[in-house]
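Report on one structure; see the data block that follows.
The values are calculated or read from the model by the stated rules, or taken from the named source; none is laboratory data. Model, not experiment: these values are computed from the prediction. Please note: Cβ atoms are built from the backbone with ideal geometry, for glycine as well, and neighbour counts cover all protein chains shown. SASA here: full protein model, heavy atoms, side chains in, ligands and nucleic acids out. Shrake-Rupley method; radii C 1.70, N 1.55, O 1.52, S 1.80 Å.
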Amino acid sequence: MDSGAEVIVVRHAGPLRGEVTVPGAKNSVLKLMAATLLTDGVTTLTNVPDIADVAIMGDLLAAIGVGWDWHPTDRGTLVLTNGGQITPVAPYELVERIRASINVLGPLLTRCGTVTLSLPGGDDFGSRPIDMHLAGLEAMGATFELRKGDVVARAERLHGANITFEFPSVGATENILTAAVFAKGTTVIDNAAREPEISDLCNYLVAMGADIEGGGSSTLVIHGVERDSLRPVTHEVVPDRIQAATYIAAAAVTGGEVVVINARPEHMEMPLRRFAEMGLTITPQTNGIAVWAPERMRSIDFATLPYPGIATDYKPLIVTMLSIASGVGIVTENLYPGRFRYVEELLRLGADISTDGHHAVVRGVAQLSGAPVRAPDIRAGAALVIAGLAAEGETVISGVDHIDRGYDDLVGRLARLGADISRR
Ligand code: UD1
């Protein structure tokens, strides 16, 4: 069945207990896939999550000329074959489905000298311009023309430049980084994004033969290399910190005790610190994070910020946790104005939340109650599932196709922890 027509049914259950393993990060694997455009040959990615966006990115790469062969049950292995026959055109039907499609811009432009790209889509949470991507590439010698909704980019050979971002944009950092790999001379990106997924991309590119210093810091220095000096590699995708937080939230709202295997505490320092303030006991382990939740959490105030701050992607999960915590929490969204849309759905479950522009005031209630709700995007969809775990009665979540874009078997993983949850 088309997952757009499916629903997830969650009933209130007791505390979740047990172990859950976190797969690779959506926001890393899609970028690694795009970066395979830089080199001919066979690339193998492992720990690839079994999510719909990987298939969409695979189809986009196939349209450009890279074959993909995916074995989700074999350590999440994805084999990408770049035979060198690249058509640098990213068609609208695929680009409009995921934001990460914009990540083919840097690799294609630096490799082919031209790209035709439709303006990207993805989660529908407010306006998501790409002006910083274009300004950075322009500083490196690219020219752009807008033609019937497509951006046509050209640059015979990009050159190094000093680029200072006004804001540490994840996507713009990735596009400039990949474009700079073959640029003539040195590119310096200041105020670069520092997300663990960007470090993963840097590590991958360096293993391929790129010359990059400062991965994971706010200054990236990329010395351009010749186009034939890269070779394909095998790379394991970094674990998904947002999926990890989802299982922590599941333990939290049920008063449970869960070990999140493969979660990397060093990638989640700020959210873990805030979860501890809410009353969770968080114990980093060699292979993950152990979480023990109290009967009732305490509220906190928080604001979303670029890494290492609290990522905007955690916010629906934390708002859900606050909705049943004791006290009042004030939440400030600094990245996307539209990212409070799911609040209306939480209200349907009995949450007490008021929003005003970039702010939400969450007054914890003693109990949520089940109702039909609709997932508006990936993370908010997961948060509604988590809310359903804590709600009295039955919660039916539609819009499951959004959840499938970013979650690898959310229902199965929660069921194995003891949740009363199914898909219909
Ligand atoms: C990525 C993640 C997304 C996450 C976000 C912030 C992927 C596929 N998506 O999105 O899940 O929520 O990082 O952690 O990895 N902006 C501009 N001009 C630009 C670029 C960005 O104004 O040229 C604005 C955006 O509209 C937004 C903010 O900057 O308000 C953050 O964008 P950015 O960091 O680029 O996020 P994405 O790469 O789109």
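Would you mind telling me which residue in Ser217, Ser323, Ser398 has the biggest mean-square fluctuation in a Gaussian network model of the chain, where springs connect alpha carbons within a distance under 10 angstrom? For the chain, modelled as a Gaussian network with Cα springs under 10 Å, the answer is Ser217.
Each part reduced to its alpha carbon centroid, the range 25-72 and the range 359-414 end up 28 Å apart.
In this structure, the amide hydrogen of Val151, modeled 1.01 Å from its nitrogen in the peptide plane, lies closer than 5 angstrom to those of Leu117, Ser118, Leu119, counting only residues at least 5 positions away or on a different chain.
Dimensions of the range 181-311 based on its C-alpha atoms, expressed as ranges along the principal axes with the largest first, amount to 59, 30, 18 Å. Remark: relative contact order (the chain) = 21 percent; criterion is Cα-Cα distance under 8 angstrom and separation of 6 or more residues. Taken one residue at a time, the phi angles of the range 283-291 give Karplus couplings (6.51, -1.76, 1.60, θ = phi - 60°) of 10, x, 10, 4, 10, x, 9, 9, 10 Hz. Gly and Pro are set to x.
Taking a Cβ cut-off of under 14 Å around Ile282, the surrounding Lys, Arg, Asp and Glu residues balance to a net charge of 0, with basic ones at +1 and acidic ones at -1.
Proximity of backbone amide H atoms, modeled 1.01 Å from N, is registered between Val233 and Thr44 at under 5 Å, excluding neighbours fewer than 5 places apart on the same chain.
Within the set of other residues whose C-beta is less than 14 Å from the C-beta of Gly83, count the net charge using Lys and Arg as +1 and Asp and Glu as -1. Kindly include the intermediate steps, with their values, before the conclusion.
Working: positive: Arg111; negative: Asp40, Asp69.
Result for the neighbourhood of Gly83: -1.
With a 1.4 Å probe rolled over the protein heavy atoms of all chains, the accessible area of Arg264, Arg379, Arg75, Arg424 falls in the order Arg75, Arg424, Arg264, Arg379, largest first.
Over 27 Å apart: what share of the alpha carbon pairs of the range 26-236 falls there, rounded to a whole percent? List each step's numbers first, then the result.
Values: 4780 of 22155 pairs.
Everything past 27 Å amounts to 22 percent.
Residues whose amide H comes within less than 5 Å of that of Glu392, counting only those at least five positions distant or on another chain, are Leu368, Ser369, Gly370 (H built at 1.01 Å from N in the peptide plane).
Where does the charge balance sit around Val362 when Lys and Arg score +1, Asp and Glu -1, over other residues with C-beta under 13 Å from its C-beta? Intermediate results must be reported in sequence, preceding the final value.
On the way: positive: Arg298, Lys315, Arg363; negative: Asp301, Glu333, Asp352, Asp356.
So the environment of Val362 carries a net charge of -1.
Mind checking the per residue accessible area of the chain for me, 1.4 Å probe, whole number of Å²?
On the way: 15590 Å² over 424 residues.
Computed with neighbouring chains in place, this is 37 Å² per residue.
For Asp409, Asp131, the ranking by accessible surface with the largest value first comes to Asp131, Asp409, using a 1.4 Å probe.
Its alpha carbons considered, the range 16-82 gives a radius of gyration followed by a Dmax of 12.7, 46 Å.
The longest stretch of the chain left intact once loop-based GluC sites (Glu not before Pro) with at most 11 other Cβ atoms within 10 Å are removed from consideration, loops following DSSP, is 1-155. The phi torsions of the range 397-407, fed into the Karplus equation with coefficients 6.51, -1.76 and 1.60 and a -60° offset, translate into couplings of 9, 9, x, 4, 4, 5, 4, 5, 5, x, 10 Hz, rounded to whole numbers, with Gly and Pro shown as x. Largest accessible area first, the listed residues Thr116, Thr395 line up as Thr116, Thr395 when surface is computed with a 1.4 Å probe on the assembled protein chains.
Ignoring everything except DSSP H segments at least 4 long, calculate the 222 nm mean residue ellipticity for the chain; use -39,500 (n - 2.57) per segment, divide by total residues, nearest 500.
Working: 14 runs with 132 residues, N = 424.
The per-residue figure over the chain is -9000 deg cm²/dmol.
If you wrap the tightest convex hull around every Cα atom of the chain and split its volume per residue, you get 123 Å³. Using heavy atoms of the protein chains and a probe of 1.4 Å, the accessible area assigned to Met132 is about 40 Å².
Per residue, the average separation of C-alpha pairs within less than 8 Å and at least 6 apart gives the range 26-236 a relative contact order of 20 percent.
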